[in-house]
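The values are calculated or read from the model by the stated rules, or taken from the named source; none is laboratory data. Note that this is a predicted model, so its numbers are computed, not measured. Here Cβ is always computed from backbone atoms with ideal geometry, including for glycine, and neighbour counts include all displayed protein chains.
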Amino acid sequence: MAGRRGGWFRSSGNKEWIEHARAALATAFLDMDRRQSAADAAVAAADRVFPQQHTSARWEPVRDRCYSAADVYLRLDEELTTAQHAGTSVPHGQQRFDAAMRQLTDAARAVDEFYRGDQNRLEEAVAVCQAIPRLVREVKISAADTRGRAAESAFADYPSVRKYTAAVDEAIVTLEAIASDAPVDLVHETVHQVETATRELADVLAQAPSRVAAANTAISSVTTRLAAARTKAEAVAPAFSALLREFNAASSADLADNERESQQAIEAAAASLDRARAAAVEHNPEFALDLTTSARGFLAEAEQQIDAVTKRLTLLRAVRADPQEQLEAVRFRLRDAQMLAVSRGLVDDWGSVLDAQALRIDRTSETLSGQHPDYWAYVMELNAITEFIAGVVDRMRKQAGSRRE
């Protein structure tokens, strides 16, 4: 270009000079603008992919240099255009041309330096952002396909199918509401939600054909269990009566309502089972399965109430027959705990506590007196002592372990 100035850069008032000056400036401007636009897009991508890097903050002063150079170019080009049409000269044209060219090329060089300084991360960000539309499109196509199969299937009215269809719809709405410049992490998270909902819908569609057989099996199983519970319930009244006859009234006071409550639970289970059968007949196996689950819960409650009475009678009879058996079992646990205290060097910390339990056991052994000893209170106290000793043993082991550390 310096060589050409001897030919056409002789005078800023020469139309040929102005024409070539405008062309050279436009070329430099477009080159800088192309580089700036590419960097702008890369920075925007980096802010989406690596927001913690604050790339735009580092890019801003470089971009401002481009804006300043562009402003100088536009003002000079307007003046050159006016002079070219009017056939007039441009004051200090050569100097202003040279200054504008330097500013444009310097700004372009600054863009290159910025880009090269973080090129790998910028190009990675651009690639990730370019992949986002395809990723979103693919997940929406997959969701729409599964959603369509669900709507057209014979199981569309199943509660689970309706539930997961709604979940897919909600996830799609959320995905479509995300702004185009949203952080990539947010897009990926929402895409994952759509994928998860779609997969769950596909799973329930795959399982739907087996629901009828599962419901029939569950109904049969609960029917058998209900009959067994009714048979077991017949033992509650005689067992409770035996408790009242054979033992202190306090031994069974907490069981007074068990017969009534167990019968209520059994009847609730029977009602749920009847509704499950009706649901199966109406081709609603999922509702039938839910009802059989409810029936099982009621039966578990009834069985617990029944067992509490019959097992209490068995336990108290065993204790009455040999009250020393449980007492000696607790003494054995205490001796083990005392030996542990000695072996771990913790007698000063726990010896008196364990000795107190020995006295407590002795006092408990003396409570079985009179015509109707309270065997249940006896059992409860021994259980409490056992639990206390277990707690002490646990603390001693942790204490000894911390000392070794």
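The lone criterion from (1) out of contact with any helix residue (DSSP H, G or I) (no Cβ under 8 Å at 6 or more places or on another chain); (2) in a helix (DSSP H, G or I) left unmet by residue 91 is number (2). When the residues of the stretch 53-63 are filtered to those that are surrounded by fewer than 18 Cβ atoms within 10 Å (Cβ to Cβ), at pLDDT 85 or above and within 34 Å of the chain's Cα centre (by Cα), the one that is nearest to residue 188 (Cα to Cα) is 54.
Any residue in the stretch 117-125 that is closer than 30 Å to residue 290 by Cα and crowded, with 18+ Cβ neighbours inside 10 Å? There is no residue in the stretch 117-125 that is closer than 30 Å to residue 290 by Cα and crowded, with 18+ Cβ neighbours inside 10 Å. For the stretch 96-117, the tally of residues that are acidic (Asp, Glu) and either in contact with a Cys (Cβ under 9 Å, 6 or more places away or on another chain) or not assigned by TED's automatic domain parsing to the domain that holds residue 22 (or both) stands at 0. Among the candidates 195, 113, the residue that is over 30 Å from residue 29 (Cα atoms) and either surrounded by 19 or more Cβ atoms within 10 Å (Cβ to Cβ) or without any contact (Cβ under 8 Å) to a residue 60 or more places away in the chain (or both) is uniquely 195. Just to be sure, is residue 260 touching a helix residue (DSSP H, G or I) at 6+ places or on another chain (Cβ under 8 Å) and either assigned by TED's automatic domain parsing to the domain that holds residue 314 or not small (Gly, Ala, Ser) (or both)? So residue 260 fails the test. Residues in the stretch 241-266 that are modelled with pLDDT under 95 and polar (S, T, N, Q): 248, 251, 252.
Within the stretch 364-396, the residues that satisfy the criterion of being surrounded by fewer than 11 Cβ atoms within 10 Å (Cβ to Cβ) and of a type in the set (D, E, K, R) are 366, 387, 394. Only one entry of 319, 281 meets the criterion of being in contact (Cβ under 8 Å) with a residue 12 or more places away in the chain and β-branched (Val, Ile, Thr), and that entry is 319. For the stretch 338-357, a tally of residues being touching a residue at least 24 places away in the same chain (Cβ under 8 Å) and either part of a helix (DSSP H, G or I) or in contact with a Gly (Cβ under 8 Å, 6 or more places away or on another chain) (or both) returns 7.
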